[in-house]
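Report on the structure given below.
Every read-out reported here was derived from the displayed coordinates using simple, explicitly stated rules and does not represent laboratory data. The structure displayed is predicted, hence computed values, not measured ones. A quick note on method: Cβ atoms are made from the backbone with ideal geometry, for glycine too, and the neighbour counts reach across all protein chains shown.
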Amino acid sequence: MSSVLRPRRSRTLTAVMALYLLYTLIPLAWLLISATKTQPDLLSTPGLSFGGVFALFDNIGQTFTYNNGIFLRWLGNTLLYVVVGAGGATVLATAAGYGLAKYRFRGRQAVFAVVLGAIAVPGTALAVPTFLLFSRLGLTDTPLAVIIPSLISPFGLYLIWVYATDAIPDEMMEAARIDGAGEIRIFLAVTLRQLAPGIVTVALFAVVATWNNYFLPLIMLSDPNWYPLTVGLNQWNAQAIGAAAQPVYNLVITGSVLTIVPLVIAFLFLQRFWQSGLTAGSVKQ
Amino acid sequence: MALFRRHRAIAALALAAALATACGSPAQDTAKATGTQDSVDAALKAGGSITYWTWTPSAKAQVAAFEQEYPNVKVNLVNAGTGKDQYTKLQNAIKAGSGGPDVAQIEYQALPQFALPGSLVDLNQYGFGTFQKDYTASTWTSVTVNNALFGLPQDSGPMALFYNKEDFDKYGIAVPKTWDEYLDAAKKLHAADPTKFITSDIGDPGFTTSMIWQAGGHPFSTDGRNVKINLDDAGAQKWTKVWDQLVQGKLLSTVKGWSDDWYRALGDGSIATLVTGAWMPGVFKSSVTAGSGKWAVAPMPTYDGQPVSAENGGSTQSVLKQSSNPALAAAFVRWLNHGNGVKPFIASGGFPSTTADLNSPAFLDATDPYFGGQQVNKVLTAASGAVAKGWSYLPYQLYANSVYGDTVGKSYLNGTDIGSGLKAWQATLVDYGNQQGFTVSAG
């Protein structure tokens, strides 16, 4: 017998989920296994089997030293873009989303429409116009060209807005006002805590988006010294093509593994907040 | 690595978008502006600093040697991406009016696209036109657009037949001299061992144009803003007649060129030949170590047995109009491809365009252990002298290459005749060219 607490098991669902799990894990397994192979082994053994020698540590060493250790520089750049770009995006989205959710003012509906509209425009479509704009400002080929566009997250703003509407009762703010707290203090001391799960969700979205950002830096930057990992790894990958090709697939693969490690760690640590953020507002109180 | 591929497609789109306006500016006035090398020599003496965009691996050694010879010149070496990635950046910088390098590596097939809108410096004004006699005819033609000189050739890719001798010996197959013999070899090999294929080809615009080139085709011609496209000329038909049989007979491996699988197949003998540019030995030696001792080089098969070849790949170094010190940039290009820069280029495995280097005894007589001690340069230099004349690429070849997969690529995929794919490609290219302000006529 099934009940709410003991749901009936569905074989079909289990099978579908198992397939989905395989679908998700096989590429990851391929990546991890391939990262242990040397470049010749990579080109002479089947994808999901190990090579003759276990070269993972050698590959990691090579990845960090190839081309005068530019990988480390790319890692540093990515961290910079994530901390400043995604961090800034989270701060801005939180402040703006909260303000729009909790204060009534003229033009609020217009802002709402603009934000919703902005979500619908893919960032890729704006990349070339943004490039031309930044070029006029003399900002191309500088880190600011990647950071400034990353600061804007309409989706994050919308998420906080929706979240704040539900999570922060007007009565609580009223009570704080009666106790004599200013608006800034209410925001920082009272409501920010309430918003924490939403903020973590937005931060995770922003971190992932910035960490994986490819097209914007590809267009904005021409100096490899400012590349993030995504663009840098693609440059190594593209080396395998054409006259004077120098394939370094082993380093591209090992570099990819190293690139996803910090993201996996971030997810594992922030999972708890993430989950509670996703279900916010699903139950009427 | 599908992820990377998708992003490239997006990048190609963005490039096309950027070009939409870049091509709108009027073609450069191509009145002959000839000058002397005096201003170049003076600039070299005065010194300064320039930025050089390239992806060629020999650049590091070349720049180091140049700076040692001319300590008062600083060359800022930047790898802004390979091929398309770099062109996107170059096009964006040109459109923005700043941010580009002084000197850039540009493949021959992409040169008209940058030369015609007037983005590059005509090196005739520095008297470089007198260098013509020092280069192979085909590479010199490649850097000359409407009588203006838009770079000095660096590497060249006269085509030859690279074949896996082990495969050929094992199954008693003779090295093909004609395309008919090549077809027979393909059938024989695949029948003897169904895991082996004569070559791999899933449709590649660079290969297709080179094959039409060798067959005597002239599908593209440009005169000012007037462009003629005929991808159904006698040359194109000659080639598709042979290649259709390979594609439709399922005699070609479907491994994608330059993928990890492709490198693997070159090493284990499952791809038995490559018809490609003379720069390939360097790639073999550095990246197909498993094939060492197995491969050999022969002249490219022809239609009538008479030697004729075509160019595949290769690039030039050009000076950008945007450069604030074009004379110094030109001096660097002169050193790079007409001076002491050629030596380190050859030393790193490059195949030069300068006839003196190609025909020097040291180059010709060198034996190569990778190719079983064969004097491969003899075959390749002969190919460089046998390149069919009169070829030119489209002034929007990069766009053309980016839409090749949607047209000709489909013929490969569906096993329909390549000629119909070429016609579809032509239709797309005529439309696009007219939208870009060219006057394009078909046929």
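Below is a table of values for the structure above.
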{"quantity": "Loop-resident sites, segment B:161-230, for chymotrypsin sites (Phe, Trp or Tyr not before Pro), counting at most 16 other Cβ within 10 Å (DSSP)", "calculated": "B:Tyr171"}
{"quantity": "Rounded tilt (10° steps) of B:2-22 against the dominant C-alpha axis of chain B", "calculated": "40"}
{"quantity": "Helix B:59-69 vs. chain B, principal-axis angle (Cα, 0 to 90°, nearest 10)", "calculated": "30"}
{"quantity": "Percentage, to the nearest whole number, of Cα pairs in the protein assembly as shown over 45 Å apart", "calculated": "30"}
{"quantity": "Range in chain A, longest, excluding exposed chymotrypsin sites (Phe, Trp or Tyr not before Pro) [loop by DSSP; at most 16 other beta-carbon atoms within 10 Å]", "calculated": "A:106-285"}
{"quantity": "Average beta-carbon neighbours from other chains, 10 Å sphere, peptide A:35-46", "calculated": "3"}
{"quantity": "For chain A, alpha-carbon Rg over 2.2 N^0.38 Å", "calculated": "1.24"}
{"quantity": "Exceeding the 32 Å Cα-Cα cut-off - candidates B:Lys378/B:Lys410; B:Lys187/B:Lys294; B:Lys60/B:Lys89; B:Lys238/B:Lys343", "calculated": "B:Lys378/B:Lys410; B:Lys238/B:Lys343"}
{"quantity": "In sequence order, calculated HN-Hα J values of segment A:139-147 (Karplus, 6.51, -1.76, 1.60; Hz; x Gly/Pro)", "calculated": "9, 5, 6, 10, x, 4, 5, 8, 6"}
{"quantity": "Shielding of A:226-233 by partner chains, average beta-carbon count, 10 Å", "calculated": "1"}
{"quantity": "Cα-Cα over 21 Å, subset of B:Lys84/B:Lys285; B:Lys177/B:Lys228; B:Lys165/B:Lys188; B:Lys95/B:Lys321; B:Lys133/B:Lys389; B:Lys84/B:Lys423", "calculated": "B:Lys84/B:Lys285; B:Lys177/B:Lys228; B:Lys84/B:Lys423"}
{"quantity": "Gap separating the Cα centres of segment B:162-176 and segment B:390-443, nearest whole Å", "calculated": "35"}
{"quantity": "Simple Cβ-charge dipole of segment A:165-228, Lys/Arg +1 and Asp/Glu -1, about Cα centre, in debye nearest 20", "calculated": "220"}
{"quantity": "Whole-number D in µm² s⁻¹ for chain B, Kirkwood Cα-pair radius fed into Stokes-Einstein, 37 °C, 0.692 mPa s", "calculated": "146"}
{"quantity": "Charge sum, other residues only, whose C-beta stays under 13 Å from A:Asn225's C-beta, Lys/Arg counted +1 and Asp/Glu -1", "calculated": "-1"}
{"quantity": "Simple label model, 7 Å out from Cα along Cβ direction - A:Leu28 to B:Asp134, nm", "calculated": "5.9"}
{"quantity": "Calculated FRET efficiency for the pair A:Phe64/B:Tyr171, C-beta based, R₀ 35 Å, to 0.05", "calculated": "0.15"}
{"quantity": "Formal net charge of residues neighbouring B:Thr139 (Cβ-Cβ distance under 9 Å; K, R +1; D, E -1)", "calculated": "-2"}
{"quantity": "Residue exposure sequence - B:Thr439, A:Thr254, B:Thr208, B:Thr136 - by fewest surrounding Cβ within 10 Å", "calculated": "B:Thr439, B:Thr136, B:Thr208, A:Thr254"}
